[in-house]
Amino acid sequence: MTKTPNSVTMDESAERIILDRGVQGLVGKSVARIEGPLKTSGRADYANDTKLDGAAYGFVLTSEISLGRIKAIDVAAARSAAGVLAVIVDHPLLPSDGSAGNASLKRVPRDLPEVDSYGQAIGIVVAESFEAARSAARLVRVDYDEREGRYDTTRHLEDVEHEPKGGLIPDIKRGDIDAVMASAPVTLDITYTTPHYFPAAMEPHATVATWTGDGVEIHSSLQLLKTARAMIAASLDLDLSKVRVLAPYVGGGFGGKTGTGPEVILAAIASKETGRPVKVALTRRQTAHLVHHRADTHQRIRIACDDEGHILGIGHNSIVSQKAGRSFIEPVSLGTLAMYKGEARSFTQSAVRLNIPVAGAVRAPGEAVGSLALETAMDELAERFGMDPIAFRKLNEPEKDPLRGSPFSTRRLVDCYDEGARRFGWDRRNPTPGEVRDGEWLVGMGMAAATRINLLQESHARVSLRLDGGALVETDMTDIGTGTYTILAQIAGEMLGLPIDRIEVRLGDTNLPPSSGSGGSFGAASSGSSVALACETIIAELARRMDVSPDQLVLKDGVATARNVQSSLVDLLDGDDIAAEGVIKPGKTARAYSQAAHGAQFAEVGVNAVTGEVRVRRMLAVFDCGRILNARTARNQAIGGMIWGISYALHEEAVVDKRTGAFVTRDLAEYHVPVSADVPAVEAYFIEDPDRHANPLGVKGIGELGNAGAGAAVTNAIYNACGVRVRDFPMTLDKILAGLGPV
Amino acid sequence: MQFNINGQTHEVEADIRTSLLDLLRDHLNLTGSKKGCDHGQCGACTVLVNGRRINSCLALAVMHQDDAITTIEGVGEAGRPMQQAFVDHDAFQCGFCTSGQICSALGMVGEVKAGWPSLVTADLEATAVLTPEEARERMSGNICRCAAYPNIIDAVMDATGDGR
């Protein structure tokens, strides 16, 4: 039997944490990923691993200019090459770019023959083999009418668009920051810059498309299936019912798969035209231009203080780049809005329009780069006051949201500072830079605060208690490495009193109930709540069958106990599954409470006094992100984020050729991400404080919190080690060396 | 072309330009080995050739007709402790690099046993010992963007016992 959906809108805070009724002992524990055996044996099938008989191979054709118009394309040689099935360059539905996860777009851009960024899609070659398709693609000759474009943010800082349309946060001004800065006894006014960043997931975007009649099935690497399905349907002029999207395993997302890329649409077109299933994988180098990146930023931080270090005013005013005509604007000041005290507040994002590939959301949009500037500035100010950086932050810790005046749902930041300092051994830090030496290494410690807004999205799930005594969880949610399979199994097992090996979880298929998808760290809260709510309905039905109230019912190891009566769940099923749907929706608590996750990041580094080389020696963080669902996967996400912090501090930089508008750091040899040798001991701990204002589970997002503040902890440690403050990220050794004294 | 892969002989008709990685993936449905960069930069395609780890994307299949090739699908009993250690230590998130990490770790252990030094080996004459520092250095050809590196090193150390 199927029950009516249990739908909860978060207009009121949860009276109790829904998971607390469970006695199975699964939630919060360190549970191994249930899909682990598949992933460690090569049996988890990612998009491009989809096995379909008779598949052909597509190779995406890309533009070799940044701005202009295609005059002609000569495909004769390519079409006659061995093994080539089709060269498609004039189909009316051809995409020119990806959606980059932009909700305001109805379909992927379709602007051909205009070219408006380097490496944009202009067509596709389809062949019997990958080798034949790639080879034929090189034979295509394109004749362009090229125009001069704008590629360099720094050259156009005087020509900005204020409060650009599509910004995630509006300009916010309270009080008069200019006046406060003019009159305050202690002020800081510094501009920090960060480069473009690639999400650089290990799995390059790939799609396998196949048609059955007038319906298309898309196996792809995507984070948000519901929106991708709508985008694909609109882009192919199809009814939504004709599109099925599958993504059971996704090889990392980091925001880069929140959009629908041109390869998805190209695969569908190519499959339709050739009557064959078609596989299209972007090459690593193509991902530089066909996947959105995080925009570069110029961040002016102004902080005014009284003589004791109380912040009187705070300004975080940024200029970011974006492709002309596109609307995602990196919300740089997002993490600053509610972070510290200060009556006068000014937060703005302005845009420089360039003719480079589109920018979009990458892991912790806003906080990831905003915290590099803000938390470095806080370190600089603390030193001016001769104060410990933690003491300076505590002095300016607000009791309520300093912008909106609303209460914090939960905010255990001070506890994170204290526990982090204790665990890290912060009291051993010498506050004077350059005094601690270990051979030719200068050693220093740094810290930074971390914050990431907490979100909830509408999400649906179906749970079925089955005749075999197990349960099935179904939702179109994705697991992009975040542990979704495992935490949903834990939640269902906890609620229904079943061991984890009795739970089957099916994800990543739009035939299943639509979920929040993965993004914005809202996945666990949203999809997890929907699963728990579905279980609640099943529990109510079981209670009815035992003639007790749900509160009287205790479920453990497949047995229901109430009033000294025991029954196996299988017996209670009475010959039919019980299926129920759960729905969670965001509501008024999102506005009534200021919701964020918090943390304190610590790093110890060595700076080579001769070469300026930086080696991170250890990192430690304590996070407050509500109830922890799985200690093992939570820690993994947290340390992964912290290592992104090392990366933003020291390694990553996507460089645009200012003459051509092309990214020159197109592959993993040129675009530097950390490897094992760059990563020392990294520890992450949690202060568990369930947030009943956030969602029925009491959880808050983890995935993006880890990288917030982490980079600044590293660069602040570099300053403590050697006295060099670099305000242009990444802090490569050439920049440090320039500030080091003679050996 | 004829290949010996995971102990089985395969006759394959393939384009002469086919890389070993594409041979495995496109012709033999052995999709455990992944294409993360196709340039030998990320290590997701790592397989064992006569027990030694290589980036299969940088090898033409035609060059390896006389070799014993082992992929993640064929690591068998010898690979099981490493696979289990990866699960136990949560040494992955998305899992896309994992096949390559495990094959690389298995090959790396063989290199240590054979006494090969690494960049961080202090004494080139002494018996090589797999310390965590050695493991970090020797596993640095395998990128994990999820950055499960500390867990990967824990798993490798766990699976190799005392590191000898």
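The values are calculated or read from the model by the stated rules, or taken from the named source; none is laboratory data. What you see is a predicted model, and the numbers here were worked out from it, not measured in a lab. Please note: Cβ atoms are built from the backbone with ideal geometry, for glycine as well, and neighbour counts cover all protein chains shown. To get the accessible areas, we keep the full protein, side chains included, count just its heavy atoms, and leave off ligands, DNA and RNA. Shrake-Rupley method; radii C 1.70, N 1.55, O 1.52, S 1.80 Å.
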Read through the list (1) closer than 23 Å to B:Met139 by Cβ; (2) surrounded by fewer than 18 Cβ atoms within 10 Å (Cβ to Cβ), then give the number of the only condition that B:Gln8 fails. (1)
Limited to the stretch A:264-290, what total is found for residues that are open to solvent by less than 10 Å² (accessible area, probe 1.4 Å) and within 14 Å of chain B (Cβ to nearest Cβ)? 4
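Among the residues of the stretch A:236-252, are any farther than 25 Å from A:Pro513 by Cβ, surrounded by 24 or more Cβ atoms within 10 Å (Cβ to Cβ) and touching a residue at least 40 places away in the same chain (Cβ under 8 Å)? I'd like the intermediate steps shown before the answer.
So the first thing to find is which residues in the stretch A:236-252 are farther than 25 Å from A:Pro513 by Cβ, and the list is A:237.
Pick out the ones that are also surrounded by 24 or more Cβ atoms within 10 Å (Cβ to Cβ) and you get none.
No, because not a single residue in the stretch A:236-252 is farther than 25 Å from A:Pro513 by Cβ, surrounded by 24 or more Cβ atoms within 10 Å (Cβ to Cβ) and touching a residue at least 40 places away in the same chain (Cβ under 8 Å).
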What strands (runs of 3 or more DSSP E), lying completely within the stretch B:29-126, carry at least 1 residues that are open to solvent by 30 Å² or more (accessible area, probe 1.4 Å) and in contact with a strand residue (DSSP E or B) (Cβ under 8 Å, 6 or more places away or on another chain)? B:52-55, B:68-70
Condition met for A:Gly405 (open to solvent by 10 Å² or more (accessible area, probe 1.4 Å) and of a type in the set (Gly, Ala, Ser)): yes
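Looking only at strands (runs of 3 or more DSSP E) that fall completely inside the stretch A:28-117, which ones have 1 or more residues that are of a type in the set (Asp, Glu)? Working first, answer last.
Numbers: elements: A:56-62, A:68-74, A:84-88.
Once the strands (runs of 3 or more DSSP E) in the stretch A:28-117 are filtered for at least 1 residues that are of a type in the set (Asp, Glu), what remains is A:68-74.
Before we move on, is B:Val129 open to solvent by less than 20 Å² (accessible area, probe 1.4 Å) and not assigned by TED's automatic domain parsing to the domain that holds B:Cys45?
no
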Take the conditions in contact (Cβ under 8 Å) with a residue 60 or more places away in the chain, away from chain B (no Cβ under 14 Å) and open to solvent by less than 30 Å² (accessible area, probe 1.4 Å) and apply them to A:Asp152. Does it pass? yes
One residue is enough: does the stretch A:137-153 have a residue meeting the conditions outside the structural domain of A:Gly54 (by TED's automatic domain parsing) and in contact with a Cys (Cβ under 7 Å, 6 or more places away or on another chain)? no
Output for the stretch A:216-254, where each listed residue is in contact with an Asp or Glu (Cβ under 9 Å, 6 or more places away or on another chain) and either of a type in the set (Val, Ile, Thr) or at positive phi (or both): A:Val243, A:Val245, A:Val250, A:Gly252
B:Leu28 fails exactly one of (1) over 17 Å from the mean Cα position of the chain (by Cα); (2) within 7 Å of chain A (Cβ to nearest Cβ), namely (2)
The stretch A:338-378, residues that are under 14 Å from A:Ala450 (Cα atoms) and part of a strand (DSSP E or B): none
Name the residues in the stretch A:619-640 that are more than 8 Å from chain B (Cβ to nearest Cβ) and open to solvent by less than 10 Å² (accessible area, probe 1.4 Å), would you? A:Met619, A:Leu620, A:Ala621, A:Val622, A:Phe623, A:Asp624, A:Cys625, A:Gly626, A:Ile628, A:Asn630, A:Ala634, A:Ala638
More than 21 Å from the chain's Cα centre (by Cα), open to solvent by less than 10 Å² (accessible area, probe 1.4 Å) and touching a residue at least 60 places away in the same chain (Cβ under 8 Å): does that describe A:Ile232? no
Filtering strands (runs of 3 or more DSSP E) wholly in the stretch A:578-628 for at least 3 residues that are over 22 Å from the mean Cα position of the chain (by Cα) and more than 27 Å from A:Ala532 (Cβ to Cβ) gives A:596-608, A:614-624
The stretch A:699-725 - residue that is in contact with a Phe, Trp or Tyr (Cβ under 8 Å, 6 or more places away or on another chain) and part of a loop (DSSP other than H, G, I, E, B) and, of those, farthest from the other protein chains (Cβ to nearest Cβ): A:Arg725
Would you be able to say whether some residue in the stretch A:64-84 is more than 14 Å from chain B (Cβ to nearest Cβ), under 35 Å from the mean Cα position of the chain (by Cα), open to solvent by less than 40 Å² (accessible area, probe 1.4 Å) and of a type in the set (Asp, Glu)? no
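Filter the stretch A:362-387 down to the residues that are buried (at least 19 other Cβ atoms within 10 Å of the Cβ) and acidic (Asp, Glu), then identify the one that is farthest from A:Gly309 (Cα to Cα).
Of the stretch A:362-387, the ones buried (at least 19 other Cβ atoms within 10 Å of the Cβ) are A:362-379, A:381-383.
From what is left, the residues that are acidic (Asp, Glu) are A:367, A:375, A:379, A:383.
Values: A:Glu367: 24, A:Glu375: 15, A:Asp379: 12, A:Glu383: 11 Å.
So the residue we want is A:Glu367.
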I'd like the residue in the stretch A:650-698 that is at the interface with another protein chain (Cβ under 10 Å from one of its Cβ atoms) and among the acidic types (Asp, Glu) and, out of all such residues, is farthest from A:Leu354 (Cα to Cα). A:Glu683
Sole residue being in contact (Cβ under 8 Å) with a residue 60 or more places away in the chain and either surrounded by fewer than 19 Cβ atoms within 10 Å (Cβ to Cβ) or on the phi < 0 side of the Ramachandran plot (or both), chosen from A:Val115, A:Val125: A:Val125
Within the stretch A:313-336, the residues that are of a type in the set (A, V, I, L, M) and crowded, with 24+ Cβ neighbours inside 10 Å are A:Ile314, A:Ile319, A:Val320, A:Ile329, A:Val332, A:Leu334
Filtering the stretch A:21-63 down to residues that are within 14 Å of another protein chain (Cβ to nearest Cβ), open to solvent by less than 50 Å² (accessible area, probe 1.4 Å), within 21 Å of A:Arg635 (Cβ to Cβ) and not charged (D, E, K, R) yields A:Val31, A:Ala32, A:Gly36, A:Thr40
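Could you list all residues from the stretch A:134-149 that are within 13 Å of another protein chain (Cβ to nearest Cβ) and over 20 Å from A:Ala288 (Cβ atoms)?
We begin by selecting, within the stretch A:134-149, every residue within 13 Å of another protein chain (Cβ to nearest Cβ); these are A:134-136, A:138.
A:Ser135, A:Ala136, listed by residue number.
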Residue count for the stretch B:135-164, restricted to those that are out of contact with any helix residue (DSSP H, G or I) (no Cβ under 7 Å at 6 or more places or on another chain) and either closer than 18 Å to A:Arg618 by Cα or more than 12 Å from chain A (Cβ to nearest Cβ) (or both): 4
